[in-house]
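First comes the structure, then the notes that go with it.
The values are calculated or read from the model by the stated rules, or taken from the named source; none is laboratory data. For clarity, every value in this text was computed on a predicted model and none was experimentally measured. Because the Cβ atoms are built from the backbone with ideal geometry, glycine has one as well, and the counts that use them run over all protein chains shown.
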Amino acid sequence: MLNVDPPIAGFTTWLGEGHGSSFGSASPSERVRGRVKRTILVAVLPREKIAALLEDIAEKVPLPHLTYWVEPVTEFGQLKRTKGERELDLILSQGETLAEKTAS
């Protein structure tokens, strides 16, 4: 994912566990537990880049159990806190209520 051309602006990974009927490649401990270790990857990107990315992954990292899905994203962004919001958080964490702060 880091070497895709053009690069993907950002993505997130986390550990997961797969449950299901296909345990052919599972380790003995995974078979006993009834689940297989998996890595989950989430990337928000334009629809027109999906096919090329999947082809690139399949070519460079052939994973036998790679599962994917595509969902529309209606909004994507980051919540950025202003200086005033950070100051308010500090005041509230020191025990002063919002009503006390706005009255002064």
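List of remarks:
- Where a residue in the stretch 5-20 is of a type in the set (D, E, K, R) and its partner, wherever it lies, is not in a loop (DSSP other than H, G, I, E, B), with Cβ under 8 Å and at least six apart: Glu17/Val36; Glu17/Lys37; Glu17/Arg38
- Failed item in (1) surrounded by 13 or more Cβ atoms within 10 Å (Cβ to Cβ); (2) part of a helix (DSSP H, G or I), with Lys37 passing the rest: (2)
- Test: residue in the stretch 17-32 that is aliphatic (A, V, I, L, M) and either touching a Phe, Trp or Tyr at 6+ places or on another chain (Cβ under 7 Å) or at pLDDT 85 or above (or both): no
- When Glu71 is tested against (1) acidic (Asp, Glu); (2) modelled with pLDDT under 80; (3) part of a loop (DSSP other than H, G, I, E, B), just one condition goes unmet, and that condition is (2).
- Condition check for Glu75: surrounded by 11 or more Cβ atoms within 10 Å (Cβ to Cβ), out of contact with any Phe, Trp or Tyr (no Cβ under 6 Å at 6 or more places or on another chain), among the acidic types (Asp, Glu) and free of Cβ contacts under 8 Å to residues at least 40 places away in the same chain: no
- Restricted to the stretch 1-28, and to residues there that are surrounded by 10 or more Cβ atoms within 10 Å (Cβ to Cβ) and more than 13 Å from His65 (Cβ to Cβ), the residue that is farthest from the chain's Cα centre (by Cα) is Ser27.
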